[in-house]
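For reference, the structure is listed below as structure tokens.
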Amino acid sequence: MKFFFDLLPVILFFSSFKISEANPQAAVGLLVPILGAIGPDAAVSARQAPILLATLVVMLATVLQIGWVRLRHGKVDRMLWISLALVVFFGSLTLIFQDESFIKCKPTVLYCTFAVVLLFSDGVLKKNLIRGMLEAQVKLPEPLWAKLNLAWAGFFAVMGALNLLVAFAFNLPTSVWVNYKLFGGTGFMLLFVLAQGIFLAKRSREK
């Protein structure tokens, strides 16, 4: 259930894009009053309408999601605040300039931010964030915690590069990137977490 809740903004982004893609003129009708209030031009093309409306939806969904977490638990993880700041920043630029390149860059910036935070925290602050999250469930020697932290940083860096490739390198339709964002990004994350779980379970049995 928590996994679905965490993924909800991405699911809504995907769903709103697909619905708008099938009904572009309806999406234009919804966007014109909004963009006329925040941007220099209220005109919206039917081609751009699906990604613009999906961007607006994911911004609102992320704000509401974090608001719910704050009300329910009283505390929001720092990484979620970073994600919120980036989606609002890049989403706002996308809507104001009606340029989908901004929202396409957001996942890469987020992944690279996570990678830098993990490396900086471990290398400079001497605080292994992966160990802090998992130490209560499994005990590992210090060198393995360092390798696990490095593996996560590397994974995020690769995910950032893959996002740029799908978004810009091959001149693919925006719909391909939207599909990748939900199925590809989520699929790779699940596979990596599964591989980590197998590794941790094996190490636990060895003790």
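The values are calculated or read from the model by the stated rules, or taken from the named source; none is laboratory data. These figures come from a predicted structure and were not determined experimentally. Cβ atoms come from the backbone with ideal geometry, glycine included; neighbour counts cover every protein chain shown.
Could you please let me know if Asp41 is of a type in the set (D, E, K, R), in a helix (DSSP H, G or I) and modelled with pLDDT under 90? Give the steps one after another, and end with the answer.
Values: of a type in the set (D, E, K, R): yes; in a helix (DSSP H, G or I): no; modelled with pLDDT under 90: yes.
Criteria not met by Asp41.
Residue check, Ser16 against (1) part of a helix (DSSP H, G or I); (2) of a type outside the set (A, V, I, L, M, F, W, C); (3) more than 17 Å from the chain's Cα centre (by Cα), all met but one. Which one?
(3)
Hey, among Leu134, Leu150, Leu119, which residue is in contact (Cβ under 8 Å) with a residue 40 or more places away in the chain and assigned by TED's automatic domain parsing to the domain that holds Gln196? Let's see the steps before the verdict.
Working: Leu150 fails: in contact (Cβ under 8 Å) with a residue 40 or more places away in the chain; Leu119 fails: in contact (Cβ under 8 Å) with a residue 40 or more places away in the chain.
None of the other options fit; the residue is Leu134.
Filter region 56-75 for residues that are hydrophobic (A, V, I, L, M, F, W, C) and crowded, with 17+ Cβ neighbours inside 10 Å and give the result.
Of the residues in region 56-75, the ones hydrophobic (A, V, I, L, M, F, W, C) are 56-61, 63-64, 66, 68-69, 71.
Hits for region 56-75 are Leu56, Val57, Val58, Met59, Ala61, Ile66.
Taking region 86-138, which residues are touching a Leu at 6+ places or on another chain (Cβ under 9 Å) and part of a loop (DSSP other than H, G, I, E, B)?
Answer for region 86-138, where residues must be touching a Leu at 6+ places or on another chain (Cβ under 9 Å) and part of a loop (DSSP other than H, G, I, E, B): Gln98, Asp99, Glu100, Asn128, Gln137, Val138.
Which one of the conditions (1) surrounded by fewer than 14 Cβ atoms within 10 Å (Cβ to Cβ); (2) aromatic (Phe, Trp, Tyr); (3) modelled with pLDDT of 95 or more does Phe155 fail to meet, given that it meets all the rest?
(1)
Search region 164-203 for residues being among the polar types (S, T, N, Q) and in contact with a Leu (Cβ under 9 Å, 6 or more places away or on another chain), and hand back the single one that is nearest to Leu7 (Cα to Cα). Talk me through it step by step, then tell me what you get.
Keep residues of region 164-203 that are among the polar types (S, T, N, Q), which gives 171, 174-175, 179, 186, 196.
Remaining after also requiring in contact with a Leu (Cβ under 9 Å, 6 or more places away or on another chain): 186, 196.
Working: Thr186: 9, Gln196: 20 Å.
For region 164-203, the residue satisfying everything is Thr186.
Looking at Glu206 and the list (1) under 22 Å from Leu129 (Cβ atoms); (2) at pLDDT below 95, which single condition is not satisfied?
The single condition Glu206 does not satisfy is (1).
Matching residues to (1) modelled with pLDDT under 95; (2) in contact with a helix residue (DSSP H, G or I) (Cβ under 7 Å, 6 or more places away or on another chain):
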{"site": "Leu110", "(1), (2)": "no, yes"}
{"site": "Gly132", "(1), (2)": "yes, no"}
{"site": "Ala136", "(1), (2)": "yes, no"}
{"site": "Lys139", "(1), (2)": "yes, no"}
{"site": "Ala161", "(1), (2)": "no, no"}
{"site": "Val193", "(1), (2)": "yes, no"}
{"site": "Gln196", "(1), (2)": "yes, no"}
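Please go through region 109-144 and give me each residue that is hydroxyl-bearing (Ser, Thr, Tyr) and either closer than 17 Å to Leu35 by Cα or surrounded by fewer than 20 Cβ atoms within 10 Å (Cβ to Cβ) (or both), ordered by number.
Step one: list which residues in region 109-144 are hydroxyl-bearing (Ser, Thr, Tyr), which gives 111, 113, 121.
Result: Thr113, Ser121.
Taking Leu95 and the conditions (1) surrounded by 20 or more Cβ atoms within 10 Å (Cβ to Cβ); (2) over 16 Å from Thr174 (Cα atoms), which numbered condition does it fall short on, given that it satisfies the others?
(2)
Can you tell me which residue in region 165-207 is surrounded by the most Cβ atoms within 10 Å (Cβ to Cβ), limited to those that are assigned to a helix (DSSP H, G or I) and of a type in the set (D, E, K, R)?
Looking only at region 165-207, we keep the residues that are assigned to a helix (DSSP H, G or I), and these are 165-169, 174-206.
Cutting the leftovers down to of a type in the set (D, E, K, R) gives us 181, 202-203, 205-206.
On the way: Lys181: 23, Lys202: 9, Arg203: 15, Arg205: 7, Glu206: 6.
Among those residues, the one meeting the criterion is Lys181.
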